[in-house]
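**Student:** Okay, handing you the structure first.
The values are calculated or read from the model by the stated rules, or taken from the named source; none is laboratory data. Model, not experiment: these values are computed from the prediction. Reconstructed Cβ throughout: ideal geometry from the backbone, glycine too, with neighbour counts over all protein chains shown. Accessible surface is based on the protein model in full, side chains and every heavy atom, while ligands, DNA and RNA are left aside. Shrake-Rupley method; radii C 1.70, N 1.55, O 1.52, S 1.80 Å.
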Amino acid sequence: MLNLKGKGLLALSAAAVLIISACGDNNDNGAGNTPVDENTGNEEAAPETDNETDEGSEEAAARVNGEEITVNELDEMLHQRLAMWGLDPEDEENEEMVHMLRDELLNQMITNEILVQEAERQEITVDTEEVDAQLEQIIAQFPSEEDYEAALQQQNYTEELLRSEIEAELRREELLTLDHLDESELEVSEEEVLEYYEQLQLQDETIGELEEEQEEIELHLKQLKYLEELREEADIEILV
């Protein structure tokens, strides 16, 4: 069965970035993720992090209905993604890819902001228990509490910020169920479903029969139309 829920709509969550980039490092380096000097065998001192942003980093990269996405937020997301993929942003061979990825991430961050604002407007909420359960799943990915804490520090995160982003992601996911809409508000034709199914067949030969995947495809196409409507209604300024 396909899992198209929100596919292509949401940027990689902070939780996912934390698990993929930091958990892997922790498993390699052990508790605390402290790097070791290859020459001396001694643990290197962790680099000092300045909580104050660099001058100009709070410049807006985009505005969505007046809410800013800062250059600093965009660049942090970019650096996390590049580190996760093992790409050096200073390598000239990666220059074009870095620019393309930055543009793609900004577009995804705009999408996320639109969905967060719409979830707020629709008064969509999630239970604390849901956030707790998601957080526990993340923590369970780490060998120990120490590794989890080290990962937060490495990614410049606090648990409070992580919880906030988990909550936002759950609210976006709930919004994208489209349960708050009347069935007649978004419609997709059989032709649209068939065309999309045929595209999926080209990508994955193991895909099930159309009858098995139709409901999931219909929801995904409705999500795309819904998002397109939200973007058309939003006041979006791209400033970089």
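**Student:** Using the crude model of +1 on Lys and Arg Cβ and -1 on Asp and Glu Cβ, and no other charge, please compute the dipole size for the range 90-193 relative to its Cα centre, in debye to 20. Can you show the working numbers first?
**Tutor:** Details: 5 positive and 36 negative charges, 71 e Å.
In debye, rounded to 20, the range 90-193 gives about 340.
**Student:** Can you work out the accessible area per residue across the range 118-203, with the rest of the protein chains kept in place, probe 1.4 Å, in square angstrom?
**Tutor:** Numbers: 5590 Å² over 86 residues.
Computed with neighbouring chains in place, this is 65 Å² per residue.
**Student:** Given the Cα-Cα distance of residue 152 and residue 191 and 0.36 nm per residue of separation, how much length would full extension add, in nm? Working shown, then result.
**Tutor:** Values: separation 39, 0.36 × 39 = 14.04 nm, distance 4.67 nm.
9.4 nm is the gain from fully extending residue 152 to residue 191.
**Student:** For the range 104-193, just run the numbers: alpha carbon Rg, then divide by 2.2 N^0.38 Å, N being how many residues it has.
**Tutor:** For the range 104-193, the normalised Cα radius of gyration is 1.39.
**Student:** Moving on to the next point. How far apart, in nm, are two points set 7 Å out from the Cα along the Cα-to-Cβ line at residue 128 and at residue 65?
**Tutor:** 2.7 nm
**Student:** Skipping prolines and chain starts, which residues have an amide H placed within reach, meaning under 5 Å, of the one on residue 176, given they are 5 or more residues away or on another chain?
**Tutor:** none
**Student:** Give the average over all directions of the projected area of the C-alpha convex hull of the range 64-214, one decimal, in nm².
**Tutor:** It is 13.3 nm².
**Student:** What is the distance in Å between the Cα centres of the range 62-132 and the range 200-221?
**Tutor:** The two parts, judged by their Cα centres, are 28 Å apart.
**Student:** If N is the number of residues in the range 171-231, what value comes out of its Cα radius of gyration divided by 2.2 N^0.38 Å?
**Tutor:** 1.20
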